[in-house]
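As structure tokens, the structure follows; a few thoughts come after it.
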Amino acid sequence: MGWSTEQDGAAAQGGPGAEAAGAGPGEGVRARPPVALSPSRASDFMQCPLLYRFRVIDKLPEKPSAAATRGTVVHAVLERLFDAPAGERTAAGARAMVPGEWEKLLAKRPELAELFAGDADGERLATWLAEAEALVERWFSLEDPTRLEPADRELYVETVLESGLRLRGFIDRVDVAPTGEVRIVDYKTGKAPRPQFAEGALFQMKFYALVMWRLRGVVPRRLQLVYLGSGDVLTYDPGEADLRAVERKLLALWEAIRLATETGDWRPRPTKLCGWCDHQAHCPEFGGTPPVYPLEPRPADGGGAPQGRMEAI
């Protein structure tokens, strides 16, 4: 439940998406209602509305995660690798970039040093860096960077639907064929999900496809998920019907978020993922109490329902 690549990019820019960057509110910073939806925050709400509130409304701090931080470093290497000429994009060169990208990230976020607190001999850090290097090297067995010239890398996209809903996010890579066909690529440093759980990952990709369609008027030809943890590549070719269905889902989701924001009624939805949540001390499911709601609630239908469990989204 730690920092994500998307959060890091938004907060570092201090621009769109910064209000949902997962850091604690600074002095003089007031809570604000959500103004846009990203794939990560949409997934948060579907997983647990109370988690969404903690991250977006309350902006509760979260502990750095070794896995998420490793993912940020790997993404940075795979982005910057394409700065080099095609012939110089080698696995050895990419591995050699890992320590430097870690140092750059640490300089921007010194609090990440706590990940290796007490590691006097540097053994845990060395193991962690080796794991990141192995993920980078595995990518070369899945794609050939000497034959790729991405149109965009770490592309920030934003669009406003006819309904007024603002969608935004960061796309790892966009490839455009000479014929104009678009491929959206996302790197995952974990393992590929079992088939019955693949829809969750595809939701993020369809979200990006919808944004690109609305921005450029072209439905992406292919969505590609590259799982470096297991060495799998999953692809999906969307159609307009797929993206219209995603749009309807997002509109319903945003309406639920709007209602929760206005009433202050954010309900926890317990799942197996709760064991990894940083906010158990504030969650009623663990005997905690949420912070005082920082926005002015408006009771629905003459009386707000008490905050209880959300059984389904």
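None of the figures in this text is laboratory data; all of them are computed from the coordinates on show. This is a predicted model, so every value here is computed, not measured. Glycine gets a Cβ as well: all are built from the backbone with ideal geometry, and neighbour counts include every protein chain shown.
A few notes on this one:
- Over all other residues within a Cβ to Cβ distance under 12 Å of Val246, the charged ones net out to +1, with Lys and Arg as +1 and Asp and Glu as -1.
- Among the GluC sites (Glu not before Pro) in the range 63-171, those placed in a DSSP loop whose Cβ has at most 10 other Cβ atoms within 10 Å are Glu162.
- DSSP-defined antiparallel bridges as percent of all bridges, the range 181-233, nearest 5: 25 percent
- Largest first, the three principal axis extents of the alpha carbons in the range 80-230 are 56, 37, 34 Å in whole numbers.
- In degrees, nearest ten, helix 66-80 long axis to first principal axis of the chain (Cα): 50 degrees
- Working note: 222 nm ellipticity from helices only, DSSP H runs with n ≥ 4, each -39,500 (n - 2.57), summed and divided by the residues of the chain, gives -12000 deg cm²/dmol to the nearest 500.
- Counting only aspartates and glutamates at least 8 places from Lys63 when in the same chain, those with an alpha carbon closer than 12 Å to its own are Glu111, Glu114, Asp278.
- Shape index of the range 192-311: Rg/Rh, with Rg the Cα radius of gyration and Rh the Kirkwood radius from the inverse mean 1/r over Cα pairs, equals 1.07.
- FRET efficiency for Leu259 and Asp144, using Cβ-Cβ distance with R0 set to 45 Å, rounded to 0.05: 0.40
- Partner lysines whose Cα lies under 24 Å from the Cα of Lys59, excluding those fewer than 8 positions away in the same chain, are identified as Lys108, Lys272.
- Global form of the range 39-169, assessed from the alpha-carbon gyration tensor, a/c cut-off 1.5: oblate
- Student exercise, the chain dipole from Lys, Arg, Asp, Glu Cβ charges, in Debye to nearest 20: 640 debye
- Near Leu210: Cβ cut-off under 14 Å, other residues only, Lys/Arg at +1 and Asp/Glu at -1. The net charge is +3.
- Hits among aspartates and glutamates - C-alpha to C-alpha of Lys249 under 16 Å, sequence gap 8 or more where chains match: Asp44, Glu162, Glu199, Glu240
- Nearest 10 degrees, 0 to 90: helix 91-108 Cα axis against the chain principal axis: 40 degrees
- Remark on Leu165: its backbone amide H falls under 5 Å from none of the residues 5 or more positions apart or on other chains, H modelled at 1.01 Å from N.
- For Gly200, net neighbour charge (Lys/Arg +1, Asp/Glu -1) across residues whose Cβ lies under 14 Å away: +3
- When both the range 229-292 and the range 130-175 are represented by their alpha-carbon centers, they are found 22 Å apart.
- Cα long-axis angle, helix 240-263 against the chain (0 to 90 degrees, to the nearest 10): 40 degrees
- Among beta bridges identified by DSSP and lying wholly in the chain, the antiparallel ones come to about 70 percent.
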